[in-house]
Amino acid sequence: MNLAHLLQRQALLAPDAPAIFEGTQQVATYGQWGQRSATLAARLHAAGLAPGDRVLLFMRNHPRYLELLLGAWWAGLAVVPVNAKLHPAEVEWIIDNAQVRWAFVSHDVAPRPLAGLERQWEVDSDAVSALLAPLPGQAGADPAITPRGPDDLAWLFYTSGTTGRPKGVMLTHRNLMTMGLTYAIDVDALQSGDTMVYAAPMSHGCGLYAVPHLMAGARHVVPASGGVDAAELCALGEALGPLSTFAAPTIVQRLVNHVEQAGLTPAECARRFKTIVYGGAPMYRADIERALAVMGPRFVQIYGQGETPMVATALSRQQLANHSHPRWGERIASVGVAQTPVIIRVADALGLPLRPGHTGEVLVRGDTVMAGYWRNPEATAAAVRDGWLWTGDMGSLDADGFLTLKDRSKDLVISGGSNIYPREVEEVLLTAPGVAEVAVVGAPDPEWGEVLVAFVVLRQGTPDSAALDTHCLAHIARFKRPKRYVFVEALPKNHYGKVLKTELRRRAALSPPACG
Ligand code: AMP
């Protein structure tokens, strides 16, 4: 089992079929994609990289992402996708932890050489074009794909950790093959004429949607901006649609706002968008109701996490659209039912199943659950017990198997679909001059879902939010910075000296946006 066979199959079946687009511009047919990935594989081997080695992708969304990903798999290597918004120091930590020798980067996200690498390739460079150019005398998609076992590593995805250091989630060929097949059953019926557009970061779950769309021989479109722009998406939909895409709730809201302002009818939306998969953070009931009213029944919700990528539950298009169901209101506020290859359990602290209606931790079991955390047996043993993945999310099942999420047991904030562990930000703020104590919590925000609010106790000096913001910018990714600072005399604590984060969350939700 090697995921690269999915590409080889399409390259043989339909070599002239359009495969990869940058904006509306076709940049590869399936035949060319197969050739380039096979060529890259040969050059990776020639350079001394061996099956099982890892290559890092630290770049914005880019059409070459797909060629590099499949080329690495073709050679039997695993990919380490890195969020383009990370600070170079954070990426260097990952390079060291994952023992990476080669990285492909976008110039703007990695303007300087990253420490610890043997080779750093700038994705738009002639050197990378040369890596993908046919080998002398190459026939089609040769050389042969390096065989891989189902349990071999394909994707090593770093998720932020509660300990302040990210953990490498090991996803295997079996995990991703199962994820791909599941998409066609639980999320969207696929056809070769489908068009997947990568608006959300390809380094995250959205990039993995290359797998099901590769299985179907669909078109893969990377927006020219490389990012999420509602107007651009609508224009792409007009040119190449109907599009399928994945978006965090924040982005869905932006798209709905744009569609409303542009005065598009649901029928006009249907010509531009086939399926909008949303997930990654809570979607409020009022927001999905509005999205359905404005754009029509083209939404599917998924709930998953890096450790069981895109696959835990799904709320189907039909379930979302079925207004006449007596429990429709509850259902659209839920995250749906278990996807086909997994079972879901809501459990007590011992892992025993709770009855419907009772809240406990959400556990997932099945072939999409990760092989473990990279070189971190303690964290793996804590997260996967007797085959069950402990998600850290709290929820309850109803009698029909619909899961409603309540809260997270982990101290995690999700802002605009990006996960931020407050501990990581606290550690950085504690190194700022004059800061004695700090506690960071999430506060509800209409645009981002949640934003970070930092409560700061100063040892000396005067409150200066701008200085703390500059300090964060120098050490962590931009999106992890607190949006607000509240300077306090002391942090509220319990008898054991543990900061009362629940109290701070309450205060943060009350405090006016401009405070600090
Ligand atoms: P990540 O590992 O970055 O994919 O983040 C996974 C976390 O995002 C989950 O553990 C949940 O807390 C949250 N999440 C994912 N999907 C949903 C959803 N549909 N609704 C609410 N929260 C979600």
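The values are calculated or read from the model by the stated rules, or taken from the named source; none is laboratory data. Keep in mind that what you see is a predicted model, and the values were worked out from it rather than measured. Glycine also receives a Cβ, built like all others from the backbone with ideal geometry; neighbour counts cover every protein chain displayed.
Given the conditions (1) touching a residue at least 40 places away in the same chain (Cβ under 8 Å); (2) under 27 Å from GLU447 (Cβ atoms); (3) within 13 Å of the ligand (Cβ to nearest atom); (4) in contact with a strand residue (DSSP E or B) (Cβ under 7 Å, 6 or more places away or on another chain), which single one is not true for PHE402?
Of everything listed in (1) touching a residue at least 40 places away in the same chain (Cβ under 8 Å); (2) under 27 Å from GLU447 (Cβ atoms); (3) within 13 Å of the ligand (Cβ to nearest atom); (4) in contact with a strand residue (DSSP E or B) (Cβ under 7 Å, 6 or more places away or on another chain), PHE402 misses just condition (2).
Please give the number of the condition ALA443 fails out of (1) closer than 15 Å to ALA508 by Cα; (2) within 16 Å of the ligand (Cβ to nearest atom).
For ALA443, the exception is condition (2).
Among the candidates ALA110, ALA200, ALA103, ALA127, single out the residue that is in contact with a strand residue (DSSP E or B) (Cβ under 7 Å, 6 or more places away or on another chain), assigned to a strand (DSSP E or B) and among the aliphatic types (A, V, I, L, M).
So the residue among ALA110, ALA200, ALA103, ALA127 that is in contact with a strand residue (DSSP E or B) (Cβ under 7 Å, 6 or more places away or on another chain), assigned to a strand (DSSP E or B) and among the aliphatic types (A, V, I, L, M) is ALA103.
Name the residue that is farthest from PRO341 (Cα to Cα), counting only residues in segment 289-310 that are within 11 Å of the ligand (Cβ to nearest atom) and either aliphatic (A, V, I, L, M) or surrounded by fewer than 19 Cβ atoms within 10 Å (Cβ to Cβ) (or both).
VAL300
When segment 479-502 is examined, which residues are found to be surrounded by 11 or more Cβ atoms within 10 Å (Cβ to Cβ) and modelled with pLDDT of 90 or more?
PHE479, LYS480, ARG481, PRO482, LYS483, ARG484, TYR485, VAL486, PHE487, VAL488, LEU491, PRO492
Which residues, counting only those in segment 1-38, are part of a helix (DSSP H, G or I) and polar (S, T, N, Q)?
Selection gives GLN8, GLN10, GLN32, GLN35, SER37.
Against the conditions (1) away from the ligand (no atom under 16 Å from the Cβ); (2) within 17 Å of ARG317 (Cβ to Cβ); (3) among the small types (Gly, Ala, Ser), where does ALA247 fall short? Just the number, please.
Here ALA247 clears every test but (1).
Given (1) more than 16 Å from the ligand (Cβ to nearest atom); (2) over 30 Å from LEU500 (Cβ atoms), identify the lone condition not met by GLU437.
It fails just one condition, (2).
When SER409 is evaluated against the numbered criteria (1) farther than 25 Å from MET170 by Cα; (2) at pLDDT below 95; (3) in contact with an Asp or Glu (Cβ under 7 Å, 6 or more places away or on another chain), which criterion, by number, is the only one it fails?
Checking SER409 against (1) farther than 25 Å from MET170 by Cα; (2) at pLDDT below 95; (3) in contact with an Asp or Glu (Cβ under 7 Å, 6 or more places away or on another chain), the one that fails is (1).
Would segment 317-330 turn up any residue that is buried (at least 21 other Cβ atoms within 10 Å of the Cβ) and in contact with a Leu (Cβ under 6 Å, 6 or more places away or on another chain)?
Looking for residues that are buried (at least 21 other Cβ atoms within 10 Å of the Cβ) and in contact with a Leu (Cβ under 6 Å, 6 or more places away or on another chain), one finds none in segment 317-330, hence no.
Read through the list (1) in a loop (DSSP other than H, G, I, E, B); (2) closer than 22 Å to TYR278 by Cβ; (3) in contact (Cβ under 8 Å) with a residue 24 or more places away in the chain, then give the number of the only condition that LEU171 fails.
(1)
Being hydrophobic (A, V, I, L, M, F, W, C) and assigned to a strand (DSSP E or B) is the filter here; which residues of segment 323-360 pass it?
VAL337, ALA338, VAL342, ILE343, ILE344, VAL346, ALA347
List the residue pairs whose Cβ atoms are under 9 Å apart, where the first residue sits in segment 301-312 and is outside the structural domain of HIS173 (by TED's automatic domain parsing) and without any contact (Cβ under 8 Å) to a residue 40 or more places away in the chain, the second is more than 6 Å from the ligand (Cβ to nearest atom) and part of a strand (DSSP E or B), and the two are 6 or more positions apart or on different chains.
Filtered contacts from segment 301-312: GLN301/VAL277; GLN301/TYR278; GLN301/THR313; GLN301/ALA314; GLN301/LEU315.
Out of all the residues in segment 166-178, is one or more farther than 15 Å from VAL369 by Cα, at pLDDT 95 or above and of a type in the set (Ser, Thr, Tyr)?
Scanning segment 166-178 turns up no residue that is farther than 15 Å from VAL369 by Cα, at pLDDT 95 or above and of a type in the set (Ser, Thr, Tyr).
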